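Since the structure comes first, as structure tokens, the remarks are kept for the end.
Only the coordinates and a few stated rules stand behind these numbers; no lab work does. On a predicted model such as this, the values are computed, not experimentally measured, just so you know. A quick note on method: Cβ atoms are made from the backbone with ideal geometry, for glycine too, and the neighbour counts reach across all protein chains shown.
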Amino acid sequence: MDKLNVTQKLIKEHLVEGSLEPGNEIALKVDHILQQDATGTLVMLELEKLGLKKAQTEVAVQYVDHNLLQADFKNADDHAFLQSAAQKYGYWYSRAGNGISHVVHMERFGKPGKLMIGSDSHTCSAGSMGMLAMGSGGLDITTAAAGHPYYIAMPKVLGVELTGELPDWVSAKDIILEMLRRYDVKGGVGYIVEYYGEGLKNLSAWDRHVIANMGAELGATTSVFPSDEQTKICLTQEEREEDWQEIIADNGAEYDKYEQINLNELVPLIATPSSPGNVVPVSEVAGKSISQVVIGSSANPGLHDYWIVSEIVKGKNIPPEVSLDINPSSREKIEDLGKLGAINSLIQAGARYHQTGCMGCIGMGQAPATNTISLRTMPRNFPGRSGTADDQVYLCSPETAAVSALHGKITDPQVYGKSVAYPVFSEPEKASVNRIMLIPPKENGYKTELKKGPNIKSLPDFTPLENNFETPIILKMGDNVSTDEILKAGAEVLPLRSNIEAISRYAYQDIDPLFHESASKAKTAFGGHIVVAGENYAQGSSREHAAIAPRYLGQKAVIAKSYARIGFQNLVNFGIIPFIFENPEDLDQLKENNILIFTDVVKAVKAGETITVYNQENQKGINLFCKLSKHQREILLEGGLINYLKIHS
């Protein structure tokens, strides 16, 4: 393997164990750690349990961007806790209001050639800068902070050649929506998506961020772009040109799979409810009335994404039946928009400004009205994620969103553009670099006392893997169950993220409102429960609360046809066995309240053998297997990663 693509170069540079052969377990040295507050609180509590003195990576940053609404003491207390924990464990701390983690990291810390893992599934956004950046569960972040490598199965590499140039009224969002149209939400599982080709020349680093961000929606391990002149332009704008290095694929480098997108042929696309993979041309759904348009999030965070909306609505009025909501992505972007006059144009048109952060993307405010359509430039439209149970959320580009806002209905921007010239954007030479709300690591910070409010509880202890048990199925689910459905986000639930007992009451609530009651009864009668599901279980967010809360309620195993990558690892990390049906049709034979009999589980996990479990109702056997690496087996047998680290650190 003499001629390497960008992905292989990045992995080779960080390889501690293993080889570049797809499927082999590899261990990688971690340079950067990214945490956000919805998941970072759990990481900090895990570091406390381990007794860590200081993060061992080059850069570790704790961001506050999710839980910004301070309706009571909980979020404010968590912010104080996170700031004290950042000082104690040697992290940078990005204060509330500074910006979305992925955006601020790209502005202030992103560096070509570095490897980053983050406790957020959209950590893959940093692939836009020639980094290898992967989302993961918080326990994997904890492990990296303690100085251990990051373990993962070596992915295959999907090479996507971009040719041509985007037409007017078509943008980077339409490129990733085209990928989702072709591959849906699980077509990228087991792959790193690497983009290359002449079409990259006119895609800025922030355009690439849009594409890399929603690679998570493909199920991909991450997305990777070369570090080239566009990367250099971005770092120069941020006064960090010394951090640039060129990283491009060798001539003749090969990929495990190939795809090509001719940018000239793209049209405006839109993801219809309720999956990022339900992609159609905007023209197919044009004319539907809308009530809300939300601009922003980590999926469309660049200066151009806001500026183009301001230019489209400039001098016009948004109809009274439409709310145009603006979520700025960083403090820096607000300053830049102010210098361009874009803020005034948006305000004068009737736009509403919200806090700098994730906000509506995670259901933290901005919930749409009942039975109405909301257009969003965000990455996900899972059912109920917006905060409205019967939401109808469509995902689209800023151009489609802005033109639709003007008309009060979904509108194809290319049709609108037949009589209106497409605004031409010029990148500023310098960004409004803003460091005021970044607090650097504290010298001798390990002496800092953690500030724990009444809602912040230490983590529970978990026992090693059980060998024999009889357990009821208390929930049966279908395909593509998301972590939002397992443990939802939103203003009601996320403030409980540092209180496992309290947040566990919301486990699977959107699927079965009585789940907590059923789990409590099963824990009393059988010591726990299991759930069963179809394909791609636990897709979406990296939040490990979707594993630790069910484990707290006694979940012993999940049986599914297949799993999303991060969701699978989170189950292992918290000692829940992620079984897979040997015969997928066996799912049809199982019913809620069936009791399954498991024997010799430890032996099966140790040896990687198929295990036969018996349904007490009919005594029929079902064959299951648990596809684990050696490292994952060791973690699971100890009852989870915290137990494992205590023994092996």
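Semi-axes, largest first, in whole Å: what does sqrt of 5 times each Cα gyration tensor eigenvalue give for the stretch 269-415? Walk me through the numbers before you get to the answer.
Details: eigenvalues 95, 57, 37 Å².
For the stretch 269-415, the semi-axes come out at 22, 17, 14 Å.
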Going by alpha carbons, how many degrees (0 to 90, nearest 10) lie between the helix axis of 398-407 and the longest principal axis of the chain?
70 degrees
Contour excess over end-to-end distance, with Cα ends at residue 520 and residue 427 and 0.36 nm allotted per residue:
27.8 nm
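Estimate the FRET efficiency between residue 469 and residue 53 by the formula 1/(1 + (r/R0)^6), using the beta-carbon distance for r and 45 Å for R0, to the nearest 0.05.
Rounded to the nearest 0.05, the efficiency is 0.70.
Under a Cβ-only charge scheme (Lys and Arg +1, Asp and Glu -1), can you give me the dipole magnitude of the chain about the Cα centre, in debye to the nearest 20? It would help to have the intermediate numbers written out before the result.
Details: 61 positive and 79 negative charges, 310 e Å.
Computed charge dipole of the chain: roughly 1480 debye.
Can you tell me the FRET efficiency between residue 419 and residue 321 if r is taken as the Cβ-Cβ distance and R0 is 22 Å, rounded to the nearest 0.05? The partial results should precede the final answer.
Values: r = 23 Å, r/R0 = 1.06.
That gives a FRET efficiency of 0.40.
Might you report the magnitude of the Cβ-based charge dipole of the stretch 6-265 about its Cα centre, with Lys and Arg at +1 and Asp and Glu at -1, to the nearest 20 debye? Write out the running numbers ahead of the final one.
Working: 22 positive and 39 negative charges, 159 e Å.
Here the stretch 6-265 has a charge dipole of around 760 debye.
Considering Cα pairs under 8 angstrom that are at least six residues apart, work out the relative contact order of the stretch 6-265 and quote it in whole percent.
Relative contact order, the stretch 6-265: 23 percent.
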Per principal axis, descending, Cα span of the chain in whole Å
70, 54, 52
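Note down the Stokes-Einstein diffusion coefficient of the stretch 6-265 in µm²/s, whole number, using a Kirkwood radius over alpha carbon pairs, 20 °C, and 1.002 mPa s.
On the way: Rh = 18.7 Å.
This corresponds to a translational diffusion coefficient of 115 µm²/s.
Can you tell me how much longer the chain between residue 582 and residue 314 gets when fully stretched, taken as 0.36 nm per residue apart minus their C-alpha distance, in nm with one decimal?
On the way: separation 268, 0.36 × 268 = 96.48 nm, distance 5.84 nm.
Net length gain for the segment: 90.6 nm.
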Ratio for the stretch 452-608, C-alpha Rg to 2.2 N^0.38 Å, reads 0.99
Once R0 is set to 60 Å, what does the formula 1/(1 + (r/R0)^6) return for the Cβ-Cβ distance between residue 27 and residue 371, expressed as a FRET efficiency to the nearest 0.05?
0.75
Let me make sure I get this right: for the stretch 523-611, a, b and c are the square roots of the gyration tensor eigenvalues over alpha carbons, sorted descending. Under 1.5 in a/c it's rounded, otherwise prolate if a/b > b/c, else oblate. Which is it?
rounded
Here, the stretch 1-59 modelled as identical Cα point scatterers in vacuum has Debye log10 I(q)/I(0) at q = 0.19 Å⁻¹ of -0.84
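With 10 angstrom as the radius, rank 194, 535 by how many other C-beta atoms surround their C-beta, starting from the fewest. Write out the running numbers ahead of the final one.
Numbers: 194 24, 535 19.
Placing the least packed residue first, the sequence is 535, 194.
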What spacing in nm lies between the two simple spin-label points modelled at residue 479 and residue 72, each 7 Å away from Cα in the Cβ direction?
4.1 nm
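Using only Cα atoms, figure out Rg for the stretch 78-133 and give it as a multiple of 2.2 N^0.38 Å.
My calculation over the Cα atoms of the stretch 78-133 gives 1.19.
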Give me the percent relative contact order of the stretch 269-415, please, defined on Cα pairs under 8 angstrom at least 6 residues apart.
36 percent
Any aspartates and glutamates with Cα under 20 Å of the residue 521 Cα? List them, leaving off those in the same chain fewer than 8 positions away.
466, 470, 501, 510, 512, 592, 617
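Percent of Cα-Cα pairs more than 21 Å apart in the stretch 450-522, please. Intermediate results must be reported in sequence, preceding the final value.
Working: 1101 of 2628 pairs.
Counting pairs separated by more than 21 Å, the tail of P(r) holds 42 percent.
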Roughly how tilted is helix 73-89, in degrees to the nearest 10 and between 0 and 90, from the longest Cα axis of the chain?
80 degrees
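Based on other C-beta atoms within 10 Å, arrange 610, 221, 411 from fewest to most.
Values: 610 11, 221 27, 411 24.
Listing 610, 221, 411 from fewest to most nearby Cβ atoms yields 610, 411, 221.
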Cut-off 19 Å, label 7 Å out along Cα→Cβ of residue 242, residues of the stretch 112-147 by amide N
112-114
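Only helical DSSP H runs with n ≥ 4 go in: add -39500 (n - 2.57) per run for the chain, normalise by residue count and round the 222 nm mean residue ellipticity to 500 deg cm²/dmol. Write out the running numbers ahead of the final one.
Values: 22 runs with 192 residues, N = 649.
Helix contribution divided over all residues of the chain: -8000 deg cm²/dmol.
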List the lysines whose Cα sits under 17 Å from the Cα of residue 452, skipping any in the same chain fewer than 8 residues away.
49, 74, 88
What list do you get for 356, 377 if you sort them by fewest beta carbons within 10 Å?
356, 377
Lysine pairs in the stretch 542-649 with alpha-carbon atoms under 29 Å apart, 8 or more places apart or on different chains: how many are there?
27
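Relative contact order, percent, of the chain when contacts are C-alpha pairs under 8 Å separated by at least 6 residues?
Working: 1628 pairs, mean separation 94.9, N = 649.
Relative CO of the chain lands at 15 percent.
Work out, step by step, the length gained on full extension between residue 618 and residue 444: first 0.36 nm times the residue separation, then minus their alpha carbon distance; give nm to one decimal.
On the way: separation 174, 0.36 × 174 = 62.64 nm, distance 6.26 nm.
Difference between extended and current length: 56.4 nm.
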Which lysines, if any, have their Cα less than 17 Å from the Cα of residue 288, not counting same-chain residues under 8 positions apart?
409
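Quick one: which of 156/451; 3/114; 114/314 span more than 32 angstrom between C-alpha atoms?
Numbers: 156/451 44 Å; 3/114 20 Å; 114/314 40 Å.
Pairs exceeding the cut-off: 156/451; 114/314.
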Taking the Cα centre of the stretch 269-415 as the origin and placing charges on Cβ (Lys, Arg +1; Asp, Glu -1), which of 406, 282, 347 is farthest toward the positive end of the dipole?
347
